[in-house]
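Trainee: Once you've had a glance at the structure underneath, I'll fire off some questions.
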Amino acid sequence: MATQISPCCSSSTTFSSSSLNQEPPFASAKLFNFSTKSSTSRWAFKIHSRTDPKNHFNLKSTNGYPLNAVSLQDAEKPLAKELVLPEQTESNLSVTVVGASGDLAKKKIFPALFALFYEDCLPPNFIVFGYARTKMTDEELREMISRTLTCRIDKRENCGDKMEEFLQRCFYHSGQYDSEEHFAELDEKLKQKEEGKVSNRLFYLSIPPNIFVDVVRCASCKASSGNGWTRVIVEKPFGRDSESSGELTRSLKQYLAEEQIFRIDHYLGKELVENLSVLRFSNLVFEPLWSRNYIRNVQFIFSEDFGTEGRGGYFDNYGIIRDIMQNHLLQILALFAMETPVSLDAEDVRNEKVKVLRSMRKLRLEDVVIGQYKGQSKGGKTYLGYTEDPTVPNDSLTPTFAAAALFIDNARWDGVPFLMKAGKALNTRRAEIRVQFRHVPGNLYKRNFGMDMDKATNELVLRVQPDEAIYLKINNKVPGLGMRLDRSDLNLLYKTRYSKEISDAYERLLLDAIEGERRLFIRSDELDAAWSIFTPLLKELETKKITPELYPYGSRGPVGAHYLAAEYNVRWGDLAEDE
Amino acid sequence: MATFSPSSSSSSSLLHQRTSIPPKQCYYSRKFSLQQSTKRVSAIHLHDGASTKKVSPVKADGPATILKDGILSMPSVTLPEEAIDEENSTVSITVVGASGDLAKKKIFPALFALYYEGYLPKHFTIFGYARSKMSDAELRTMVSKTLTCRIDQRENCGEKMDRFLERCFYHPGQYDSQQNFLELDKKLKEHEDGRVANRLFYLSIPPNIFIDAVKCASTSASAANGWTRVIVEKPFGRDSESSAALTRSLKQYLDEDQIFRIDHYLGKELVENLSVLRFSNLIFEPLWSRQYIRNVQFIFAEDFGTEGRGGYFDNYGIIRDIMQNHLLQILALFAMETPVSLDAEDIRNEKVKVLRSMRPLRVEDVVTGQYKSHTRGGVKYPAYTDDKTVPNDSLTPTFAAAALFIDNARWDGVPFLMKAGKALHDRRAEIRVQFRHVPGNLYNKNIGTDLDEATNELVIRVQPDEAIYLKINNKVPGLGMRLDRSNLNLLYAARYAKEIPDAYERLLLDAIEGERRLFIRSDELDAAWSLFTPVLKELEEKKVLPEYYPYGSRGPVGSHYLAARYKVRWGDVGSEQ
């Protein structure tokens, strides 16, 4: 675990020596990947406390749902003891982007890989392979990639050189997604490049869900690493309900062990989501307040200021609840609400998250408000409604907005509403967590002032985007001879404190996958638990054909969201007048 | 509670509430605050046996008198009456010692600021009283030199200034002459023009003539039918005995509720805000105890020495000058239990409880220092004893650090550190609350910094640049996991464009309005002295040598050893503040 904490960017020189790890050969377990992250001597003490590696093997192969088993896994570290540094140079990392010609690959994955390379976070021997159906040469791929690469603003001197170096390591292989033969060819090429070094292979599946399993089958059977690890990164959607998700997981498990599957939720890679745990667990001042005693409600808010814009085909099949709530917002909720884990190790953290999810009530229809945006003309410009999108059926009932109230029935959170809100085509673009505290009991200042102190409660806001910030709304006195209270912010705006560009979530997650750090990836049992909260509701919405409340493009969303909040005596913090 | 009546233009919402009265807020609010204080009359007597319940005959029928009888505390006060009072009463403020420095620099400008902002009642007169011979015009010239206008609304400033000056008068006289005060009384009466007379005397004079002036003012120039109040400045004695003697003497002529002992630190914006922060936010109060707070620091630093004016200071020293009053008062406000209400007596009751729960300071918990000369960049800064007004062999501390303890359930074992000094490297006054380490910190071993030292810290900076900030640990953005200590902050200058009023303005206004919350009650003063008197005596009897520190330095290192004894680090000299 400790290792994921090894940063490799130049800014943290103290650790750089520890960084990239030697993934050790591990012949006996072809399918098992070992994230044997190297440990610097600094972490050495942790190693001794680990469980017996053999033990862990058995557990791993079951990779089942039993939690007790899970908590014992992840015993890779002990191996690190036997590692010696020279081996490091003997391994080779290959990252194969399956679906290389797709949008995500171009916009996010290749740039993230380049950024990691630029920051010296990739091991010395690595290659990047693009795989897709399109016929393309290596040169053409490089040409395509180079258009989206950019350099960090804070050190762009030798960017051109670096880019050149990076592109030299990019290759392309064209093939069908369900052809074992083509994957065998890929394996051939990979072997060539690996030149007999220990081969560690990462497949990034940037493809539609219906061909997930085919690719996994081919990759696993024909292109698995012979002597290193093989890992597969999978993007959402992970099914569309409990059954399809369970089915997908089962299919994946035919070819992969749990430890090889890296389900990515890029929200978990966001800087401030990472910081959430740091805030809670490394400050004394927050943890005492982190319970129903002091917190009145928590809000998870996601909004986009654009609609599907002609690309609603995929979205229409899923809707905002599946697209944003069930994964991104619920994951953040679980991180927010979990008990203190035993350690920061992936399994410890994920165990706690699963506990939260399993303590949650299934979402009921009456606790959800859905909406869909309609056309709107503003300033002479016409914004299309959702159903006017040519890729969306005219009678679509798919929600583009949803608000929900969720409850965690455990000792810490009993009765505290956790509100979620997600929508497209709203008036702002933002993602944030708002923690509203209770009113001050017996407030001395209550009757004196123009404002209702019971409403002017403290609020902690973690703004994930845009303009990452943390602020705490407090009441203070307006300077002057009178006694008027004012709500102002104790704040930390990242932009003003940290001039460094905040790295993209994909960089962090790719690096974690390369390093075998699973903390930010979703385990199968987590996914199951997450679906089981939402599935009954989603089914009901669909079978009853519930009509979404229409809201104008660019508005604040359906007013129904306010009534939902009011039912639990809550006000949305993002729509308050002092926002 | 209407004491908290703002009248600045920005508070229009509040004004709306007071429907039927014209916007002469001060009077309205004043009445109200008086009303509160009456309810507390009994409380005063409980705490302060010396003051008696007698209603002095001079205040026969003014509003204050009604108060004293406790009648006003009933809800029968109606608004029209207020309006009449406004028209029929007058306040005269007599600055005794008008030619002095404090009067020129602080009192007259503060009065003008109050006038400028519309806080003074309709009928008011200001009298300067001192021994120098001067005409009204001369006083006005002198006063006008120090008046300035608020930056945020300076349009008609000149005009306002003239109108203010027209209400300023001067009367020369001896401080111990009944005759001269009688003459003053006559002049005041003329200006009062038969209205209800309320009189406020501001004693800006050396302590040795306090009593004389109080005697003369009280017997010869008390208001006949309104209230008479006296504002007294420090020093309030130099130890328990002399302070008690002074109080006894004052009480011969004044009731407890006529005495307004001013501590201008309590009038500072952020000190006022301290209670607001604690009691109007949910998130601080749960942390406000020994369970979460490791120590609290009260820091006062000046970056200049006595600069040729050490005569007064040498007789008192930094402990009496700063610690026993300013810092201790802030400590009491900080540490008090939640009062029943924000009324003056409720708050002062809680403060006294804190002071009485404190251990008297021991000599081993004090470090004293004195600055010595220092040459830097070709400039030679003098030592304290180089000051011509200071004896060459003076042992008077110009720096002191102390560790105090409150032996009650909330604070048992938490060190409250104080530090005050002159001729240090910067000028500041602040409160620092250092929290305990995070128990079982998950991030402890992973990160370069020792998180047990990187604890949370709440800083309330009183001056310069008023600010509140909370140091928290967060993650440095980037792929690694490095933690960083950064601030959640609120810088007043950035949020509030309005100039922050001087402490004297607030305190003068409070005295006029009869709001006693920020003034020191006699029993508070007693309790404060009893904490410091033994150590002051011991320091003097044993002639304890102060540790010398260079002018402009960070002060004697002894203060670090004192802090270390209680496992504390001074927050203001850390590598990052």
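Trainee: Could you give each residue of the range A:489-498 its phi-based ³J(HN,Hα) in whole Hz, using Karplus coefficients 6.51, -1.76, 1.60 with θ = phi - 60°, and x for Gly or Pro?
Mentor: Result, ordered by residue: 10, 8, 9, 9, 9, 4, 4, 7, 8, 10 Hz.
Trainee: Enumerate the amide H contacts of A:Ile295 below 5 Å, restricted to partners 5 or more residues apart or on another chain; note that Pro and chain-start residues carry no placed amide H.
Mentor: Here A:Arg438 satisfy the definition.
Trainee: Same structure, new question: Summing +1 for each Lys or Arg and -1 for each Asp or Glu, what net charge is found among the other residues whose Cβ lies under 15 Å from the Cβ of B:Lys388? Please list the in-between numbers first.
Mentor: Numbers: positive: B:Arg309; negative: B:Glu307, B:Asp314, B:Asp386, B:Asp387, B:Asp393.
Summing Lys and Arg as +1 and Asp and Glu as -1 gives -4.
Trainee: Give a residue-ordered list of calculated ³J(HN,Hα) values for the range A:270-277 (Karplus: 6.51 cos²θ - 1.76 cosθ + 1.60, θ = phi - 60°; whole Hz; x for Gly, Pro).
Mentor: 5, 3, 6, 6, 4, 6, 3, 5
Trainee: I've got another one for you. Checking the table A:Lys189/A:Lys236; A:Lys108/A:Lys222; B:Lys353/B:Lys388; A:Lys108/A:Lys253 against a 32 Å threshold on Cα-Cα, which pairs fail? The partial results should precede the final answer.
Mentor: On the way: A:Lys189/A:Lys236 29 Å; A:Lys108/A:Lys222 27 Å; B:Lys353/B:Lys388 42 Å; A:Lys108/A:Lys253 27 Å.
Listed pairs above 32 Å: B:Lys353/B:Lys388.
Trainee: Give me log10 I(q)/I(0) at q = 0.08 Å⁻¹ for the range A:364-516, Debye formula, one equal scatterer per alpha-carbon, no solvent.
Mentor: So the normalised log intensities work out to -0.43.
Trainee: Listing A:Arg463, A:Arg497 from the residue with the fewest other Cβ atoms within 10 Å to the one with the most, what is the order?
Mentor: On the way: A:Arg463 21, A:Arg497 16.
Fewest-to-most ranking of A:Arg463, A:Arg497: A:Arg497, A:Arg463.
Trainee: In nm, what is the difference between 0.36 nm times the number of residues separating A:Thr391 and A:Asp467 and their Cα-Cα distance?
Mentor: 24.1 nm is the gain from fully extending A:Thr391 to A:Asp467.
Trainee: Also, quick follow-up: Net charge around B:Ala245, counting only other residues with Cβ within less than 13 Å of its Cβ (Lys, Arg = +1; Asp, Glu = -1)? Kindly include the intermediate steps, with their values, before the conclusion.
Mentor: Details: positive: B:Arg238, B:Arg248, B:Lys251; negative: B:Asp239, B:Glu241, B:Asp526.
So the environment of B:Ala245 carries a net charge of 0.
Trainee: Still on this structure: Output the peptides A:487-496, B:537-546 sorted from most to least packed, where packing is the average of other Cβ atoms within 10 Å over each peptide's residues.
Mentor: Numbers: A:487-496: 17.4, B:537-546: 13.8.
The packing order, highest mean first, is A:487-496, B:537-546.
Trainee: Taking beta carbons within 10 Å but only from partner chains, what does the mean come to for residues A:467-479?
Mentor: On the way: counts 0, 1, 0, 4, 3, 6, 2, 11, 7, 14, 10, 10, 14.
Taking the mean over all residues of the peptide, I get 6.
Trainee: To the nearest whole number, what is the average tally of beta carbon atoms from other chains within 10 Å of the beta carbons of peptide A:484-493?
Mentor: Working: counts 8, 4, 3, 2, 5, 4, 10, 6, 8, 0.
Taking the mean over all residues of the peptide, I get 5.
Trainee: Here's another thing I want to ask about it. Give the aspartates and glutamates reachable from A:Lys544 as a straight Cα distance under 18 Å; neighbours fewer than 8 places away on the same chain don't count.
Mentor: Counting by Cα, and skipping residues close in sequence, A:Lys544 has these aspartates and glutamates nearby: A:Asp241, A:Asp316, A:Glu366, A:Asp367, A:Asp395.
Trainee: Pop a pseudo-label 7 angstrom from the Cα along the beta-carbon direction at both A:Leu104 and B:Asp162 and give the gap in nm to one decimal.
Mentor: Distance between the two pseudo-spin positions: 7.8 nm.
Trainee: Ok, one more. As an exercise, use a Förster radius of 60 Å and the Cβ-Cβ distance of B:Ser249 and A:Glu164 to find the FRET efficiency, rounded to the nearest 0.05.
Mentor: Values: r = 90 Å, r/R0 = 1.50.
About 0.10, to the nearest 0.05.
Trainee: Which whole-Hz couplings ³J(HN,Hα) result when phi for each residue of the range A:388-399 is put into the Karplus expression 6.51 cos²θ - 1.76 cosθ + 1.60, θ = phi - 60°, listed in order with x for Gly and Pro?
Mentor: Once θ is set to phi - 60°, the couplings for the range A:388-399 become 7, 5, x, 8, 10, x, 5, 9, 4, 9, 4, x Hz.
Trainee: Using 0.36 nm per residue of separation minus the Cα-Cα distance, give me the extension gain between B:Thr141 and B:Arg376 in nm, one decimal.
Mentor: Working: separation 235, 0.36 × 235 = 84.60 nm, distance 4.01 nm.
Extra length from B:Thr141 to B:Arg376 when fully extended: 80.6 nm.
Trainee: OK, next. Based on the Cβ-Cβ distance of B:Glu307 and B:Ala409, what FRET efficiency does E = 1/(1 + (r/R0)^6) give at R0 = 45 Å, to the nearest 0.05? Could the numbers behind the result be given before it?
Mentor: Numbers: r = 45 Å, r/R0 = 1.01.
It comes out at approximately 0.50.
Trainee: So, one more: Using mean Cβ contacts within 10 Å as the protection proxy, how do B:301-312, A:414-425 order, highest first? Mind showing how you got there, number by number?
Mentor: On the way: B:301-312: 16.5, A:414-425: 22.9.
Per-residue Cβ counts within 10 Å, averaged per peptide and sorted highest first, yield A:414-425, B:301-312.
Trainee: Still on this structure: Of the listed peptides A:135-148, B:335-348, what is their order by residue-averaged count of other C-beta atoms within 10 Å, with the highest listed first?
Mentor: Details: A:135-148: 15.4, B:335-348: 19.9.
By packing density, highest mean first, the sequence is B:335-348, A:135-148.
Trainee: What are the residues whose amide H is under 5 Å from the amide H of A:Leu406, where those residues sit 5 or more places off or on another chain and H is modelled from the backbone?
Mentor: Distant-sequence amide H within range of A:Leu406: A:Phe418, A:Leu419, A:Met420.
Trainee: Can you list residues whose amide H is under 5 Å from A:Arg484's amide H, if they're 5+ apart or on another chain and H is modeled 1.01 Å from N?
Mentor: For A:Arg484, the qualifying residues are A:Val478.
Trainee: I need A:Lys253, B:Lys380 ordered by Cβ neighbour count within 10 Å, fewest first.
Mentor: Numbers: A:Lys253 16, B:Lys380 11.
Least crowded to most crowded, the residues run B:Lys380, A:Lys253.
Trainee: In addition: Give me the mean projected area, in nm² to one decimal, of the convex hull enclosing the Cα positions of the range A:519-573. Could the numbers behind the result be given before it?
Mentor: Numbers: hull surface 26.0 nm².
One quarter of the hull surface, i.e. the mean projection, equals 6.5 nm².
Trainee: Using a 7 Å offset from the Cα along the Cα-to-Cβ direction at both A:Ser291 and B:Arg356, what is the distance between the two label points in nm, to one decimal?
Mentor: 3.5 nm
Trainee: Which ordering of A:Arg364, A:Arg250 is given by a fewest-first count of other beta-carbon atoms within 10 Å?
Mentor: Values: A:Arg364 14, A:Arg250 11.
Fewest-to-most Cβ neighbours within 10 Å comes out as A:Arg250, A:Arg364.
Trainee: First measure r as the distance between the Cβ atoms of A:Tyr568 and A:Arg429, then evaluate 1/(1 + (r/R0)^6) with R0 = 22 Å and state the FRET efficiency to the nearest 0.05. Display every interim value, and only then the final one.
Mentor: On the way: r = 26 Å, r/R0 = 1.19.
Step by step, r from the Cβ atoms, then E = 0.25.
Trainee: In terms of the Cα gyration tensor, with a ≥ b ≥ c the square roots of its eigenvalues, is the range B:493-538 rounded because a/c is under 1.5, prolate because a/b exceeds b/c, or oblate? Write down the numbers at each step before the final one.
Mentor: Details: a/c = 4.35, a/b = 1.88, b/c = 2.32.
The shape class here is oblate.
Values quoted throughout were computed directly from the atomic coordinates according to the rules given, and no laboratory measurement underlies them. Fair warning: this is a prediction, and the values are worked out from it, not measured in the lab. No Cβ is skipped: glycine too gets one built from the backbone with ideal geometry, and neighbour counts run over all protein chains shown.
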